[in-house]
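Written out below as structure tokens is the structure these notes cover.
The values are calculated or read from the model by the stated rules, or taken from the named source; none is laboratory data. This is a predicted model, so every value here is computed, not measured. Cβ placement follows ideal geometry from the backbone for every residue including glycine, while neighbour counts extend to all protein chains displayed. Surface areas here come from the heavy atoms of the whole protein model, side chains and all, with no ligands, DNA or RNA. Shrake-Rupley method; radii C 1.70, N 1.55, O 1.52, S 1.80 Å.
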Amino acid sequence: MTRLLNIGSINIDYVYQVPHFLRAGETLEAVSRAIFMGGKGLNQSVAAKRSGLEVIHLGVLGADGTFLRDFMQTEGIDVRFLRTDNTLPTGHTVIQVTPDAENAILYFAGTNHAIDRELVKKALQTLSPGDFVLMQNEVNDVAFFLNEAKKLGLVTVFNPAPYSPEVLNYPLDQVDVLIVNETEARGILGADLADDDEILKSLRERFPHAAIFLTLGKRGMKCDLGQGLQPMSFKAFKVKAVDTTGAGDTFVGYAVRALMAYRKTNDIDVFKTEIETAMLAAAMSVTREGAVPSIPKIDELTLDAQVGE
């Protein structure tokens, strides 16, 4: 079975309900506090695992992140390359949420920026050519990881989220699969293109050898696998959204499953069916509260699944 190594971020989200955003010099009492598991890497590993893939997660936690390791093990994620650094706190966010649902987020990378190159090289050596390596933009040394993965003939999947100008300094020619939303695509292209097809075409010109996925929220998703195939469009399922947190990460995890199935079968109809499942998984996730708790398992997903009105 093809394996997925996710070199990914893991966060603790501290969410405070507040009467209003904190002002300079002000001391404000929060109404409540909740603690959630987060980080794009964690979300995507959970989604990939719940889609049925064999997932290895490489990352670093602080001593405060023991419960995150325990959760990932319970999910069935391989954590042999998940290290603990007792000198740093786990990556985390402090989120203020007002009564009208506005939020302000303070992010601290913490241990997400403490991933060791030797640990990554050791993990990559356990894989076989054709296995997948997934990365987001919340960890350190992405450029190094991309280069090392390609040396070993691995399939590199990059989701440059959250986008930063530093992405342009990465060896993007080493990316086999690029998964971006419109904001990330415009940042990479350096152009404020409005038309979806024009964005996809420009990405194809920029990445002539990569499979490209352009996610469009409520408008669905467009992708171009290259290899002489025509670009494809997929509609989003109409749902009553409760919480959109983690929907993109849910899609990424399930999209990797679709790509693995296509590489195994070389059957475009298999790919389309798997992508419809990925779209359904993302849609179902927004009908539930939270990021990790909202990610559906593969056995919940049939094309007649009840995902809302």
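Tabulated results
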read-out	value
FRET efficiency, 1/(1 + (r/R0)^6) with R0 25 Å, evaluated for LEU193 and MET232 via beta carbons	0.85
Percent accessible area from carbon and sulfur atoms, the range 159-223, protein chains only, probe 1.4 Å	48 percent
Selection from THR98, LEU146, THR126, by position along the positive dipole direction of the range 84-150 (Cβ)	THR126
Candidate aspartates and glutamates for bridging to LYS49, where Cα separation is under 16 Å - those fewer than 8 sequence places away on the same chain excluded	ASP70, GLU75, ASP78, ASP131, ASP249, GLU274, ASP299, GLU300
Helical mean residue ellipticity (222 nm; -39500 (n - 2.57) per DSSP H run of 4+; nearest 500) of the chain	-9500 deg cm²/dmol
Kirkwood Rh in Å, taken over the range 100-251 so that all alpha-carbon pairs contribute	16.9 Å
Count of lysine pairs in the range 161-309 with Cα separation under 23 Å (8 or more residues apart, or interchain)	22
Alpha carbon Rg of the chain, scaled by the compact-globule rule 2.2 N^0.38 Å	0.98
Between the range 233-252 and the range 1-59, the Cα center-to-center distance that results, in Å	17 Å
Whole-Å semi-axes of the range 53-153's equivalent ellipsoid (Cα gyration tensor)	28, 16, 14
Accessible heavy-atom area order of SER32, SER45, highest first, probe of 1.4 Å	SER32, SER45
Alpha-carbon radius of gyration plus Dmax, which is the widest Cα pair, for the range 182-255 in Å	12.9, 39
Accessible carbon and sulfur surface of the range 1-100 relative to its total accessible area, %, 1.4 Å	53 percent
Efficiency of FRET from Cβ geometry, SER128 and ASN266, R₀ 25 Å, rounded to 0.05	0.85
Quotient of Cα Rg and 2.2 N^0.38 Å for the range 223-309, N being how many residues it contains	1.10
Rounded to 5, percent antiparallel among DSSP beta bridges of the chain	40 percent
Probe 1.4 Å, protein heavy atoms only - accessible area per residue of the chain in square angstrom	46 Å²
Prolate/oblate/rounded label for the range 1-82 (Cα gyration tensor, a/c 1.5)	prolate
Computed over the range 101-164, the ratio Rg/Rh where both radii use C-alpha atoms and Rh is Kirkwood	1.07
